[in-house]
Structures are given as structure tokens and as C-alpha cells.
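Reading through the C-alpha cells given below for one structure.
The values are calculated or read from the model by the stated rules, or taken from the named source; none is laboratory data. On a predicted model such as this, the values are computed, not experimentally measured, just so you know. We place every Cβ from the backbone using ideal geometry, glycine too, and count neighbours over all the protein chains shown.
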Amino acid sequence: MLHLGYKAASEQFGPNELLDYVIEAERHGFDAISVSDHFHPWRDDVQCFFVWSWLGTVGARTRRIQFGTGVTSPILRYNPAVLAEAAATLAVMFPGRFWLGLGSGEALNDAATTGAWPDYPERRDRLIEAIEIIRRLWAGEYLTYRGRYFQTRAAHLYLTPPQPIPLAIAAMGARSARLAGCYGDAWMATGAAGSVQPYDRFAATVDEGARTSGRDPSAVERWIEVEVVYAKDRARGLAEARLWSGTLVRDRDKYGVYDPRDLAYQGSFLPDDLIERNWLISDDPDVHVAVAERYINLGFDHLFFHHPGPNQGEFLEFYGQHVLPRLRQKYP
């Protein structure tokens with residue numbers, strides 16, 4: 001079943017403003033929201049807040065919309081047992097509505113708060129241990145866990161989820177994609193609207209990971225965040241997309257960078273054509289529908305649309321009136 005969601009950017013808007021946008025997203029027919037979980041934002045002239053204080057209010061102020069983190073890193077700044085408890089609490093309060101997105105972290109968040117930023121193999125192994133701890137606690141175990149990176153002693157959740165919490169794992173590389181297939185209920189990717197990404201190769205690696213762990217690959221859902229700009233002219237849309245230029249800095253250039261000022265500086269040198277290859281800029285509903293269909297045809301069944309500009313209300317209304325209904329009609 002197709003789910004059409006809204007990307008809620010906690011590293012750009014304040015908590016009260018973003019809550020209003022989420023309520024508006026539900027009113028305009030979005031099925032779900034994916035909210036960033038950041039300590040530092042991508043640039044220095046915006047807001048950034050603690051999403052775990054905010055998610056309960058989202059559940060209480062909305063009626064049906066599903067919500068979760070896109071994504072949380074349980075490897076350094078969070079203890080996975082504490083995350084398991086936080087997620088279980090939301091699942092009990094809002095049955096069937098909360099999901100948990102996990103990833104291997106970013107220096108912006110983990111290095112900034114802990115001073116540590118290990119290489120990917122260690123971060124991967126930390127994530128695997130964290131997932132095991134979270135799932136076993138959700139299952140009600142009294143868990144004494146002795147891993148390489150995490151330990152617990154008879155840890156037990158006295159409030160367990162009434163039903164399994166969907167666990168999505170972020171991956172835009174082969175190694176992480178295999179991990180998502182091995183351990184996740186969903187693979188979460190990011191969609192560059194104007195350029196070709198090797199999604200087929202990543203999807204094959206997700207499937208390979210699922211088979212390696214004895215799972216049916218079709219059981220791993222495919223989720224994607226789609227980068228779109230609703231703008232009536234190119235100059236305005238390009239300026240709004242550039243608010244997120246720090247995310248497009250090459251991995252080798254931003255590896256270990258924890259200061260948003262440094263990322264914003266590096267992002268300011270990126271050429272316009274690179275920005276436009278990664279962000280759809282248009283006010284034409286046909287173009288927005290076509291981009292969404294490209295990912296649907298690649299097998300993605302959860303799409304979260306990320307609009308970077310300050311005119312979030314206009315974007316939500318535009319999608320609610322002209323994009324979501326057409327997609328639902330064609331892909332019921």
C-alpha cells in the first residue's frame with residue numbers, strides 16, 4: 001500500500017512552528033511524517049530542537065497520521081536501551097502510529113556531543129548491537145547483554161509495545177543497504193529528484209542482506225525521502241534548495257565535520273547545476289507527480305516529500321490539492 005508522507009525538518013524550524021505544519025499536513029491528506037533527529041543543524045542560521053520531547057505532542061495533536069524519526073542514531077549520543085523505552089512509550093500511547101528510523105550517525109550530532117567519531121565499520125557494528133538490544137527489550141526480555149560496545153544488566157522494559165514497532169534503517173551505500181536488508185523492516189533512502197542514483201543496485205543489496213539473514217526480501221519495505229521544491233520561479237527555488245546545500249557536500253569532504261558553519265561554508269561553493277540535479281524545482285503538478293512516479297515504479301512504497309523553503313503551508317496545500325490525490329488515484 002502506498003504511503004505519502006511529509007518530511008518534518010527539525011533542524012530548520014522551531015518546535016511550535018513545525019508542529020503547526022504537521023497538523024496542517026494531516027489536514028491536507030498526508031499519511032505520515034518523518035522527522036529529523038539532530039543535535040546540530042546543517043547550517044548556523046536556523047533552529048534545531050530535541051525531537052523526543054516533541055513526538056508525544058505530535059501524537060496528541062493529530063488523529064491518524066503516522067510518525068517516526070528519519071533517522072535516529074543509537075550508536076554514541078543515545079543509549080539503545082533508553083531509545084527502546086522511548087519508542088515503546090510512544091507505541092503504547094499511539095498504537096499503530098509510531099515507527100523508529102535508525103542510522104549509523106553523522107558527525108554533526110555524534111561527534112559534537114561525544115567528541116568521538118569512529119570509522120564506518122565500528123559505527124556499523126555499534127548499530128547492529130543497538131538494534132539487537134532494542135528488539136530484545138521490545139520483546140520483553142530481562143536482558144543482560146555483553147557486546148563489544150554496549151552492555152546491559154537485567155534490563156527490562158515495564159511498558160512494552162502492544163504490537164511490533166516498524167524499524168526502518170537508513171542506507172545510501174552498499175554496506176548500509178545490506179545491513180538494512182539483514183535487520184530492518186524497511187530500507188530508507190534519499191531521492192535526488194534530478195539525477196540518477198543506483199537504486200536498483202542498492203535494492204539488490206538490500207535483498208541480498210535479507211536472504212543472508214533468512215528473511216523474505218519482499219518483507220523489507222522501501223521508503224524514500226524525495227527532495228522537491230514548490231516554487232513559481234527558478235531563482236527562488238534554487239535559493240530555497242541552497243538552504244540544504246550542506247547535505248550535498250561530498251562524504252570525503254564532510255567526514256568528521258561537526259560544526260554547521262563549516263558545512264554551510266563548503267556548501268556555498270557548490271554549483272547551481274549540482275543543486276538542481278538533487279532538488280526538483282517546479283510549480284507544475286505534472287512534474288511533481290512524475291518524479292514521485294519514478295520512485296513508485298522503482299518499488300518504493302513510502303514517499304516522504306521534503307520541501308526546503310519557508311513557505312511550508314503553500315507547499316502542503318499544493319501537494320494536498322494537486323499531487324497526493326492524483327498519486328492515490330493511479331496507485332490505490
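Among the residues making up the range 30-60, those that are out of contact with any helix residue (DSSP H, G or I) (no Cβ under 6 Å at 6 or more places or on another chain), in a loop (DSSP other than H, G, I, E, B) and more than 26 Å from Glu122 (Cα to Cα) are Phe30, Asp31, Asp45, Val46, Gln47, Cys48. On the stretch given as the range 309-324, residues that are in a helix (DSSP H, G or I) and exposed (fewer than 15 other Cβ atoms within 10 Å of the Cβ) total 2. Every listed requirement among (1) more than 19 Å from Tyr199 (Cα to Cα); (2) surrounded by fewer than 21 Cβ atoms within 10 Å (Cβ to Cβ); (3) in contact (Cβ under 8 Å) with a residue 60 or more places away in the chain is met by Arg277 save one, (1). Within the range 297-308, the set of residues being surrounded by fewer than 19 Cβ atoms within 10 Å (Cβ to Cβ) and in contact (Cβ under 8 Å) with a residue 24 or more places away in the chain comprises Leu298, Gly299, Asp301. Can Ile169 be described as in a helix (DSSP H, G or I), at pLDDT 95 or above and either among the acidic types (Asp, Glu) or within 18 Å of Asn79 (Cα to Cα) (or both)? Judged against the criteria, Ile169 is not a match. Candidates are the residues of the range 213-227 that are among the charged types (D, E, K, R) and surrounded by 11 or more Cβ atoms within 10 Å (Cβ to Cβ); the one that is nearest to His288 (Cα to Cα) is Glu227. Among the numbered conditions (1) out of contact with any helix residue (DSSP H, G or I) (no Cβ under 8 Å at 6 or more places or on another chain); (2) in a helix (DSSP H, G or I); (3) hydrophobic (A, V, I, L, M, F, W, C); (4) under 22 Å from Pro308 (Cα atoms), tell me where Ile23 comes up short. Against the list (1) out of contact with any helix residue (DSSP H, G or I) (no Cβ under 8 Å at 6 or more places or on another chain); (2) in a helix (DSSP H, G or I); (3) hydrophobic (A, V, I, L, M, F, W, C); (4) under 22 Å from Pro308 (Cα atoms), Ile23 comes up short only on (1). In the set Ala204, Ala241, only one residue is in a helix (DSSP H, G or I) and either touching a strand residue (DSSP E or B) at 6+ places or on another chain (Cβ under 7 Å) or crowded, with 19+ Cβ neighbours inside 10 Å (or both); that residue is Ala241.
With respect to the stated conditions, Arg178 fails to be assigned to a helix (DSSP H, G or I), charged (D, E, K, R), at pLDDT 95 or above and more than 25 Å from Glu106 (Cβ to Cβ). Counting just the residues of the range 274-310 that are touching a Gly at 6+ places or on another chain (Cβ under 9 Å) and among the acidic types (Asp, Glu), which one comes out farthest from Pro41 (Cα to Cα)? Checked the range 274-310; the qualifying residue farthest from Pro41 (Cα to Cα) is Asp283.
Consider the range 32-60 and keep the residues that are hydroxyl-bearing (Ser, Thr, Tyr) and surrounded by fewer than 17 Cβ atoms within 10 Å (Cβ to Cβ). The one that is nearest to Phe94 (Cα to Cα) is Thr57.
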